1. For A:Glu80, indicate whether it is away from chain B (no Cβ under 11 Å), over 26 Å from B:Pro34 (Cα atoms), among the charged types (D, E, K, R) and not in a loop (DSSP other than H, G, I, E, B).
2. So, in region B:457-476, exactly how many residues are at pLDDT 75 or above and assigned to a loop (DSSP other than H, G, I, E, B)?
3. Could you list, in sequence order, the residues of region B:12-48 that are closer than 21 Å to A:Glu142 by Cβ, at the interface with another protein chain (Cβ under 7 Å from one of its Cβ atoms) and not polar (S, T, N, Q)?
4. Residues in region B:16-46 that are surrounded by fewer than 16 Cβ atoms within 10 Å (Cβ to Cβ), more than 21 Å from B:Tyr98 (Cα to Cα) and either in contact with a Leu (Cβ under 6 Å, 6 or more places away or on another chain) or among the basic types (Lys, Arg) (or both): how many?
5. Name the residue, out of B:Leu219, B:Leu185, that is modelled with pLDDT of 90 or more and within 19 Å of B:Phe154 (Cα to Cα).
6. Can B:Ile298 be described as β-branched (Val, Ile, Thr) and modelled with pLDDT under 85?
7. Considering only region A:90-123, state which residues are under 16 Å from B:Leu26 (Cβ atoms) and not in a helix (DSSP H, G or I).
8. Considering region A:145-155 alone, what residues qualify as being at the interface with another protein chain (Cβ under 7 Å from one of its Cβ atoms) and not in a helix (DSSP H, G or I)?
Amino acid sequence: MVGVKKKMVTLVSSDGVEFVVEKRVAEQSLFIKNALNEGGVEEKVMIPIPKVTSDTLSSVLEYCEKHASATEFQENEIEEWDKEYIEKADLDLLYYLLQASYSMSIMGLMELGAKKVASLIRGKSPQEIRELFNIKNDFTPEQEEEIRREMQWNYE
Amino acid sequence: MSGVSSSLRPLKRTRIHVNNLPDHILSEIVGRLPLKSAVRTGLISKRWEKLWRANTDWSLSVEMFAGKIDKAAKFEQLVSQIIFLHEGPGIKVFKVHYDCYFRRSNMAPIWVEFLVKRGIRILHLDIREAMKFPMALFTCPTLVELRLCFYYDFVKLPSNVSLVNLTTMLLEHARFITADRFQKLMEGCPKLIILHLCGCVFTANIDLLTITHPILRDLQIDRCHWKEGMTLRISTPHLEFFKFKGLGLISNNIELINASPSYGAILEPEEYYDTYRAWRSVGRAEELGFLIAMIMQIMSNLRVLRFNTWCIEWLSTLLEVFADATIEYPLLMRLVMSIWPNKHHAYVAVGLLKMYPQVEELAIETIHNTHIPIAYNQGRVGYANPPNFLSTECHHVKLRIVKIYSYGGTADEKNVVKYLLKSGVAIKEFEVKFADRMTNETRQKLTEELLQYPRASPALEMSFRPLLSPCPICIS
């Protein structure tokens, strides 16, 4: 829309950094969309985003910006972009993105992140997964045996 | 890519552990794994032990144990664990394909009872076991989609079905002993939008079957059985999509009442050659053509129309009459047909295109390897000829996309392609997929020929679909 002033909102990360973004970008998050609807239509909206730090938020907003400007005709392109976007995230960022997408209600991003983590797990043994994610095995040998017995059909 | 720099991130961020993620996210992750991998995550640690059982969306088949000893027993154990030890808010989607191989276990009714109690929404039961369903299934208020399919027995529906939120019902191999029973079923599903009847049997005492529903939009009748001469009355004011496939279009009276506006129709009669000959010999083959015309007359808002070979065959006996009987379909965009490689079908294919000049996309698939003699020119001696629509010039100004599938390069197929290239002045895409089992040399020769035929459209781009790629028409 040429000539129309874009509506902006300000998002505040948990560490106090302010991000000024277009309303339509911010509304990719259902959490923000709802907050905006509740707050009415006043100028200079400021929305705190608890539990999401500035560096995660900037990455989340990168995703929102792309998806807000995507049309249905660019489906292939956006898939490619998603793939690249999630590929360059390391494990830590991936966790943060998942957490943020959950608390901000951005379904697409949560799916993307979950799919990525699932692809890391797929085909690996429990021990390999523990090593990958640095998880401690807190089962006693007896407990582990018990689960294996229950799931016998899966381990033959 | 937008200008956010990613190089700063690792410095600022503190480490986080996967176990700090909320259950909901971990379940989301585990839910995206194939079953075997998902179950294995139960051994990672206590935090992960029960996550895989929180999945609310299951699709299970006994074939996942194909080749294993005692696969039915193993499968049963798995399904029981998933259903009875579910850790989440209740299973919402459950699709199961199960063959108990005559073990007579009768677990399935117990599974169903449990799922219904916990608020199942989508349930597909493809079970090869004679079983009696708990009544609760047919009064389940949470169910929105139900597929019932049995092969060792008929689905017998109780008379007092009450599925108040059901929008989709797929019934396979169900048997109805009275027309009233069917009507009760429709009344018991007031929100039904999609109804597919596949291989259903209506017993011989039924002379008139009425399918009436105030909001039904999609009705597909696929290879159902009824007595010859039964009247099928369809009274559905909001029908948008209608498909008829199978035998019996000729020997039944199908009446569509109030069935407008329709968006798409697929007509796929499948008569036996012998029946067809018998009907022809007494001069009644045309009747079916009229029937097709009648069915189509009601659907004024069609956008997609698909005919199979038998439909084209019926139309070849009276295409001109048919042209007078049907209406214009101002919204028709897409015409799809399967033809046999003979002159008459080639004429009908082009004749239909001329009849509907508004069509923008045309797909023609040739069916080879058929055992029916009339599929080929030499088997058509003594059969009526439709007019030669190929001989008259015509410019198709709307046609933009043409797809020719299973192209075998017979003279009649070539004539159709030549006609389309010559008269389709606005064609942009012209896609060809060759028939299977063709030598490389033949394919090469046909390709060269295709590229040399005169074209009317300067923008036309001809492309060739890879050999092994599925052919979109065949998939149905």
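The values are calculated or read from the model by the stated rules, or taken from the named source; none is laboratory data. Here the structure is a predicted model, which means the values were calculated and not measured. Note that each Cβ is placed from the backbone with ideal geometry, even for glycine, and that neighbours are counted across all protein chains shown.
1. Against the criterion (away from chain B (no Cβ under 11 Å), over 26 Å from B:Pro34 (Cα atoms), among the charged types (D, E, K, R) and not in a loop (DSSP other than H, G, I, E, B)), A:Glu80 does not qualify.
2. Residues meeting the conditions: 6.
3. B:Val39, B:Arg40, B:Gly42, B:Leu43, B:Ile44, B:Lys46
4. Of the residues in region B:16-46, 1 are surrounded by fewer than 16 Cβ atoms within 10 Å (Cβ to Cβ), more than 21 Å from B:Tyr98 (Cα to Cα) and either in contact with a Leu (Cβ under 6 Å, 6 or more places away or on another chain) or among the basic types (Lys, Arg) (or both).
5. Residue meeting the stated conditions: B:Leu185.
6. Criteria met by B:Ile298.
7. Of everything in region A:90-123, just one residue is under 16 Å from B:Leu26 (Cβ atoms) and not in a helix (DSSP H, G or I), namely A:Arg122.
8. A:Met151 - this is the single residue of region A:145-155 that is at the interface with another protein chain (Cβ under 7 Å from one of its Cβ atoms) and not in a helix (DSSP H, G or I).
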